[in-house]
Each structure stands twice: as structure tokens, then as C-alpha cells.
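Remarks on the structure that follows.
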Amino acid sequence: MKPDVGEQLQGTCRILEQVVAPCVTDPFARTILDNLVANLRMLTGALPAVAPFLRADNQVTVRLLATLQPVLPAELSNRIGETLMRPEPDVADSAALDARNTAVRVILAESICSPGLAPAHHEAIRRHLSNRAAQAPMRYVSTLVTKPVDNLSNGTP
Amino acid sequence: MNAPAEQSLSCQPVGVDQPAMAVIEGLSNLIRARLPQARNIRLANLVRSAGGLSRENWRLDASWTDAQGEHSLEIILMRDASGTLLDTARDREFTVLAALAGSDVPAPRVHWVDANGCYLGAPSIVMDRMPGACDYLAPNSAAPLDSRIALARQFLWVLTRIHAFNWRGAQLGMHLGEPQGKPSSAELEHWDATYRRVQLEPHPELDYIHDWLSERAPESEAIVLVHGDFKPGNALVEAGRITAKLDWETAHLGDPLKDLGWITNPVRRREHQIADHWEREQIVNAYRLITGHAVDEHHLTWWNVFSNWKLAVIQLTAIAEFVQGRYHHVFQTPSWLYRPMFQLMDRLP
């Protein structure tokens, strides 16, 4: 399919930057436009990585849940068991991968905040969460207003 | 007085788009309500500026006459945007700025507030336009090292002046509310409520860190006026001098380590610190020397973690507002904050 998604996103950025941006003189609107273009560029690179990321994260999250399962309350442990039995969605089905990721992370959130976890569990939890954070494909792209004047802050949170 | 005719003439620099006209009309009505004796109100040179994620910023010139003669002001109007990251009240900000007038804290003089937006369509505050420029990375600008260190010290000095402000004498307690119990717990509870309100998907990282924070919430050494978002990006500097500390919308009474934890936060190092010259140790030592506060290292680290946790919640707020179609910047899940938080948590038992 031509133009493919990446080509369309890149082309949109090019047109916004070369055709639209020079005509935008309002500073607020220009800041918004710059942010949108930067985000589209980020998406161009990140989009192909989202499905593989979700699939890999589902797998390692399920493994961590299996490790925690024996020390968790029975009801929660049972729900983990049910989750573990469900098959992993097809790698081509992004929506199903996303839904599966949400489901396992809901249970993960509950599990890692449960009492009775050993130091080794906490170590594994932090390692898992840190690794996931390092691999998340979609990143905020800062487009800072660096030199505003007249009582205006820089627009960063 | 034929104010509408004067207004339509004076707003020509921004054209006749509706937001600008609404600002002109609303501000005229606000001034008329606050200064009933004012005549010939003129609002000119209206420009909406970039910058500011939570509010629209309009700068303009105002003039009017009364029995005392002619008055003119260079002002800025800050109006809540339709989508906002911070749930704050303009009347609280107005009260803080009014209380700071005449103190040794450099801050803009406030003139009027439209607390519930009945004149301007959204809560708004009007204050003096201050001289100077804003550079959010001022301590790491291209300026010579000596002047950067001097400026960084000046920023800390301003912070200590805020913390030393006599809020009891100014009766700020009745407006801002004095913390009941530990400020750390109250802050965590407040931001957790925001987190639960804006959460669109599971964030095990934030839940886990929340529990860690909750179990270790420290006592406060003192209750002071806290700025709540202290950074060079919220200040104006002219010729090496800080002319104004801005953005008081998050000011409140609380633990001084909240501000100190914000500026010693490793994630925001480039905004506040100068490598090898003005780092956490130097900042904390200087703060201790100026204020006489002990500054417990573990407590400060707790506030470092909290700073990032709160920042993550603010970003989730931005995402929720964006998804609702009320906010025009695109943010992502704040995963970049998670690892630094875990690293800080490892410092504490």
C-alpha cells in the first residue's frame, strides 16, 4: 500500500513544516503546530515498534505474575491463574495485544501492591517496571518555548 | 462613555478574531466593575503569547482616567485555558501575590481577579508585565560560569525568601488553609485523587511508587509558604537579576522540602544545577546556611521521588485532557520518569 503509513506521516510533517508553518505567525498557534509535528515524527519511528513491544511486555508480565502468584491472596492468585491460561493474541492483532496488555497490567498493579512480598519479589518487580519503561516506544517530544517574555513561563510541566 | 468603539479601535493589532474581542470586552467590564470611577478605559496592543500550558496569556496596555488623572499600565492577563493541567484557583493566586507586595520576594503586582470567570469566560488574573526574559535552562546557558553560579545562588536566595515569608502575619492561613497532619501525606492524598480522576489505563509503576511514598511520608520540619513550581522557567531575569518569580497558581502552605525536593530532583538537573559547581550537596548546604533548617537527607529524597510522581500525574492529566479534546499539546505516558524514581527509592531503606 503506497504511500504506506510511515510515508504518509513523514509527508504530512513535511507539508506542515514547509507549507503551513511559514504562514502561522501567531506564537501560540506556532508552538502548538511545532509540538504536533514533533509528535508525528516520533510516531513515525515508534508505530512499527508498538505491537512487538506489547507482545513482549505481555510475555514478561505474565512470567512475573507467575512468580508472584504463590504468595498472593487466594482470590488474586486465582485471577492470575485464569489470566495465565488465556492464549496470547496474534502478533498482527494490535487491538487484542493492547487489550491483553491492559488486562495483565491491571492484575500486575494489584499484585505488586499486595502485602507479604519478599525483598526478592520487590527486586524483580522494580527490574521489570524499569525495563519496561526503558523499552516503551512512544516518548514525549519536548518543543520548548525557550525565550518567552513578559511574565510568561516556558510552557513545560 | 462609548467604550465598545474605543475597544474595537484599540485591538486592531490582533485583528478581530473572537477570542481577542472577548478578552477586550471582558477585561473592560472587569475594570469597570473594580474601578467604578474609571472613565475612558482603553485597552491596546493585545497579543496572545506562546508559553504556559495551563493558561492563556494575553499582554496588553491599559489606560483610564479618574478624579486623580490619567492612569496607564503595562499588564498581562492570564486566563484559564479550556483544558488545564492544574486544578488551581485564581483567587488563591491573587491573594498570595497581593500578600507578597512590598516583601523581599520579587513578584508581579496584581491588579484584578475574575475568580469565577464571570467577566472573561474563565477564571483570570491581571498583573503587571515585568521586565526581563525567561530562560528555563538559565543555570546552563551560554553565559560565563561565574554569572551562572551567581544566578543559581540568587534563585536559591529567592526560594529562601519565599520560605521565610511571614504568612501568619499576612493571614494567608485563612485563605490557603493550614496543613492538618503531615504535609507530605496531604500532598500525596491530593495528587492521588487527581491520579485516580485522570487515569485512563493501568499504571502499576505509579501504584507501586504511591504505596512506597505512603509508607514513608515524612514529618515536616516547618510550615512555610511553598511556591509549588519553583524553576527558572517560572522567572524573569534582566541583567543578571531576577526581576520576578512567576506562576504562583500552585502556591500553598506546606513543607519547605517540597520546593527543595523539586530543585534537587535529578530529573530536572539541567534546570537547577551546574555540574561540579552547584549540585545537590551545594544547594542543600547553602539552603541550610541561609534558613537554619536541618534538611533531613532521607526526607529530601522522599520529596524528590514525590516530585517525579506528581509530575507523572500532571502528564497523565494532560493525556486525559487531550483525549477529551480540551488540550492541544500531545503528551505520552510518563515512562521516562519511572526509572529515576526507582533509582531514588533505592537510596532509602
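Any read-out appearing in this document is the output of simple, stated calculations on the displayed coordinates, not a laboratory observation. Source: prediction; values computed, not measured. Here the Cβ positions follow ideal geometry from the backbone for every residue, glycine too, while neighbour counts run over all protein chains shown.
Some points to look at:
- Cleavage-rule hits, trypsin sites (Lys or Arg not before Pro), the range B:95-161, DSSP coil, Cβ neighbours within 10 Å at most 16: B:ARG109
- The mean sequence separation of alpha-carbon pairs under 8 Å and at least six residues apart, normalised by the residue count of the range B:58-141, gives a relative contact order of 28 percent.
- Residues A:SER142, B:SER307 in ascending order of nearby Cβ atoms (within 10 Å, fewest first): A:SER142, B:SER307.
- Subtracting the Cα-Cα distance of B:PHE322 and B:ASP66 from 0.36 nm times their residue separation leaves 87.6 nm of extension gain.
- Fluctuation leader among B:PRO334, B:PRO139, B:PRO202 - chain B, Gaussian network, Cα springs under 10 angstrom: B:PRO202
- Dipole in debye (nearest 20) - chain B, about Cα centre, beta carbon charges: Lys, Arg +1; Asp, Glu -1: 540
- Neighbour-count ranking [beta-carbon atoms within 10 angstrom, fewest first] of B:TYR287, A:TYR140: A:TYR140, B:TYR287
- Ranked for footprinting exposure by Cβ neighbours inside 10 Å, fewest first, B:LYS258, A:LYS2 give A:LYS2, B:LYS258.
- Across peptide B:205-218, the average count of Cβ atoms from other chains found within 10 Å of a residue's Cβ is 3.
- For the protein assembly as shown, the Cβ-based charge dipole about the Cα centre amounts to some 480 debye (Lys, Arg positive; Asp, Glu negative; other atoms uncharged).
- Between B:ALA142 and B:ASN166, the modelled label-to-label distance comes to 4.6 nm, taking each label 7 Å out from Cα in the direction of the beta carbon.
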